[in-house]
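Following: one structure in structure tokens, then a few remarks.
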2 protein chains.
Amino acid sequence: MQSSQAGGPKKRISESTIHRLSLYYRALSLLEKENYETVSSKELAKREKLTPAQVRKDLSFFGSFGTRGLGYPVTELKKRIATILGIDRVWRVALIGVGNIGSALVSYKEFAKQGFHIVKLFDNDQRKIGSNHKGMIVSDIANLEQELTEARIEVVVVAVPATVAQYIVDDVVRAGVKAILNFAPINLRVPEDVYLRNENMAMELEYLSFAMVNNHTPKRVK
Amino acid sequence: MQSSQAGGPKKRISESTIHRLSLYYRALSLLEKENYETVSSKELAKREKLTPAQVRKDLSFFGSFGTRGLGYPVTELKKRIATILGIDRVWRVALIGVGNIGSALVSYKEFAKQGFHIVKLFDNDQRKIGSNHKGMIVSDIANLEQELTEARIEVVVVAVPATVAQYIVDDVVRAGVKAILNFAPINLRVPEDVYLRNENMAMELEYLSFAMVNNHTPKRVK
DNA sequence: ACTAACATGTGAAATACTTCACAAGAAGTA
DNA sequence: TACTTCTTGTGAAGTATTTCACATGTTAGT
């Protein structure tokens, strides 16, 4: 079998591996700032609390980027990972719901840093519609489908109350958007060809709570 | 071996299982509102896009809560899961950093709903110190250690810039806090006996991006 | 040129996690 | 009571993921 350069990887890549690529990317950005030219799997693992073998295995799914005896070239590897993750480009993002969380996300630097540019805001509140957030005018959710299409939106972030989230997502799907990040605490229905991920900020707190109550031993960390 | 009622589970429980317990808890809250008295693993699985076997296995780690032929009693199971997760009580939470994300979290209903009560706010910005957020006065971060101790804080949410996060966490650790939820995009060092979880909202977007670019087939969902 | 120290990439082994499949219990019907 | 339907709880089987361990290759020093 060919290497995975063209047309995406052949084996199924696990979700964990993809999440770890995000971690590597962030670590590499930092290493670049610190003027490292190369980095070993050992050092990368240490910074992300993983094992060196894990790092090498993850990367090996996508090709061989390192040099024996030396390690991985920082800038080069960072670029490669960006390409793999699809963040070596700009994604046009719309944010729906300019409430507590929505407003925070408009200014969330990490999104823009990874190429996710919020270019459209929507809300259903008349007081918010027409107002200016970070240079963007909030649009009326009433014209959602049409405006998403016209603005060529590729990714939608949903930050509305759970009660209305499904209706909104139905509109979003009708507009042909294929990727949705949902902050509402509800399970949304979308067609098979639409990617949906949920962000549940309480979940990690619940994990902390569980760990404290049960003296849970976290997975060993090197 | 005894059942796991007292003293916590004996086997190591996987992180995934714990996260799924959060999902079950949320589903059960909804089922309760819909006046279900019992629910089968099949129905619960359907609502959370899991398999019935998975649901049963997860629950079986903690005891046997169901009745054959009938299913699980909704209210009872919800209570049991709350106990397992340690959210059948109030946790005293302090939020550090009243910026974009911090302000959003102050009003984030899901936290309070699961027993995480934010009772203290901190910032280092003179313009914010002394101001009122949802009935709370923002304290100066300068007295962090002392104030955390005095307020008997058990959980800290860190929502400050990456550049200062480590210093703050060091203070938090000195105050004896054992659970930290970190929103800063950086890997923090904490002693072994402190539980630390990171919340990285860009990660899920990166997953979406990867999926789109690679036509990634998501894990089969029933 | 030789040696020692490093470090990758990867089959194979070890673990961990999920799903299967079924014995056994519960409830309703007749 | 007998029979049918439903559903749990759980060993065992099946997958998936992680870690090991080492052949192979690079670099630097002498």
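Only the coordinates and a few stated rules stand behind these numbers; no lab work does. These figures come from a predicted structure and were not determined experimentally. Glycine gets a Cβ as well: all are built from the backbone with ideal geometry, and neighbour counts include every protein chain shown.
Structural remarks
- With a Förster radius of 30 Å applied to the C-beta separation of B:Y167 and A:D125, the computed FRET efficiency comes to 0.20.
- For B:I186 and B:K46, the FRET efficiency from 1/(1 + (r/R0)^6), where r spans their Cβ atoms and R0 equals 45 Å, is about 0.70.
- Shielding by partners - mean other protein chain Cβ count within 10 Å, residues of A:13-24: 4
- DSSP bridge analysis restricted to the protein assembly as shown gives an antiparallel fraction near 20%, rounded to the nearest 5.
- Cα pair distances exceeding 23 angstrom across chain B, given as percent: 58 percent
- Positive dipole terminus of the protein assembly as shown, leading residue within B:N215, A:S209, A:P185 (C-beta point charges): B:N215
- Reachable lysines, given that their alpha-carbon falls under 27 Å from the alpha-carbon of A:K134 and they are not under 8 places away in the same chain: A:K109, A:K113, A:K120, A:K178, B:K109, B:K128, B:K134
- Considered as an equivalent ellipsoid built on the Cα gyration tensor, the stretch B:35-76 has semi-axes of 15, 13, 8 Å, the largest given first.
- The stretch A:91-203: relative contact order in percent, alpha carbon pairs under 8 Å with at least 6 residues between: 24 percent
- Computed FRET value (nearest 0.05) for A:R68 with B:T217, which takes r as the C-beta separation and R₀ as 30 Å: 0.35
- Rg/Rh (Cα only; Kirkwood hydrodynamic radius) as it applies to the stretch A:69-183: 1.07
- Screening chain B for DSSP H helices whose Cα atoms reach 20 Å or more along their own axis and whose mean Kyte hydropathy is at least -0.5 gives B:15-33, B:201-214.
- Whole-Å semi-axes of the ellipsoid equivalent to the protein assembly as shown (Cα gyration tensor, √5λ, descending): 31, 28, 28
- Note on chain B: antiparallel DSSP beta bridges, both residues inside, total approximately 20 percent of the bridges counted.
- Hits among lysines - C-alpha to C-alpha of A:K46 under 16 Å, sequence gap 8 or more where chains match: A:K57, A:K219, A:K222
- In a simple Cβ point-charge model (Lys, Arg +1; Asp, Glu -1; nothing else charged), the stretch A:91-203 has a dipole of about 380 debye relative to its Cα centre.
- Calculated on alpha-carbon atoms, Rg and Dmax of the stretch A:15-85 in Å: 10.6, 30
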